[in-house]
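Just below is one structure, and these are the notes that go with it.
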Amino acid sequence: DAGVTQSPTHLIKTRGQQVTLRCSPKSGHDTVSWYQQALGQGPQFIFQYYEEEERQRGNFPDRFSGHQFPNYSSELNVNALLLGDSALYLCASSLIEGGYTFGSGTRLTVV
Amino acid sequence: AQSVTQPDIHITVSEGASLELRCNYSYGATPYLFWYVQSPGQGLQLLLKYFSGDTLVQGIKGFEAEFKRSQSSFNLRKPSVHWSDAAEYFCAVGQGSGNTGKLIFGQGTTLQVKP
């Protein structure tokens with residue numbers, strides 16, 4: 001049973017560029033959440049998607065946006081990249097009544 | 001505001017020794033509490049969770065945690081540490097509906113295991 005799959009695993013972007021990260025949830029899971037983990041820090045909640053709608057949002061600027069598709073997969077988009085956006089981006093999927101399964105993350109480096 | 005504090009940034013124990021990782025939380029209602037482990041370059045793996053009931057929770061890999069409401073704590077323990085336990089450990093409190101609301105994480109504790 002495949003768990004949560006994230007792509008790409010690593011990415012290098014230049015300041016000001018835009019990036020799209022992708023997440024395929026665990027089979028049967030319908031809810032996807034995104035977290036940002038800066039080096040040496042705990043993960044911070046970005047937003048959560050359920051039924052293709054954003055259900056909750058953390059304290060992140062509008063440069064961070066997302067989407068959930070009918071097959072429950074999800075994308076995280078970040079516009080106008082800043083050096084401070086360099087982090088490990090984690091996707092977690094769940095059933096609305098169940099617990100989280102995390103992916104291995106996408107390491108984004110902004111130069 | 002809800003928060004999680006892990007007072008120990010770095011802990012070193014000898015293989016075979018016991019382990020306790022501390023976690024304190026601030027949350028207005030009955031908390032949903034979690035411990036996750038992260039190996040280098042990997043995502044988070046759930047060790048155990050507390051929602052209600054028995055305050056001593058058993059998890060995977062021989063870990064357990066005890067919920068103490070009076071101390072707002074949820075400390076993680078293991079009686080005998082193995083070298084493979086070296087990793088980053090995160091305590092988290094769940095906010096919102098059931099156990100799929102957003103998670104608020106502590107800063108993490110890095111565990112080093114000496115041979």
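Values quoted throughout were computed directly from the atomic coordinates according to the rules given, and no laboratory measurement underlies them. These numbers come from a predicted model, not from an experiment. Counting neighbours? That spans all protein chains shown, and the Cβs are built from the backbone with ideal geometry, glycine included.
Worth a mention:
- Ordering of B:40-48, A:3-11 by burial proxy (mean other Cβ atoms within 10 Å per residue, highest first): B:40-48, A:3-11
- Span from the segment B:26-72 Cα centroid across to the segment A:77-111 one, whole angstrom: 22 Å
- Among A:Asn77, A:Thr106, A:Phe64 - extreme Cα towards positive end, dipole of segment A:5-110, charges at beta-carbon: A:Thr106
- Assuming charge only on the beta carbon of Lys and Arg (+1) and of Asp and Glu (-1), the dipole of the protein assembly as shown about its Cα centre is about 440 debye to the nearest 20.
- Of every Cα-Cα pair in chain A, the percent that sits beyond 25 Å: 14 percent
- Lysines whose Cα lies under 27 Å from that of A:Lys26, excluding same-chain neighbours fewer than 8 positions away: B:Lys49, B:Lys61, B:Lys102
- Electrostatic dipole magnitude of chain B [Cβ: Lys, Arg +1; Asp, Glu -1; Cα centre; debye, to 20]: 180 debye
- Compared with the direct C-alpha span, the chain from B:Gln71 to B:Ser39 gains 8.6 nm at full extension, assuming 0.36 nm per residue.
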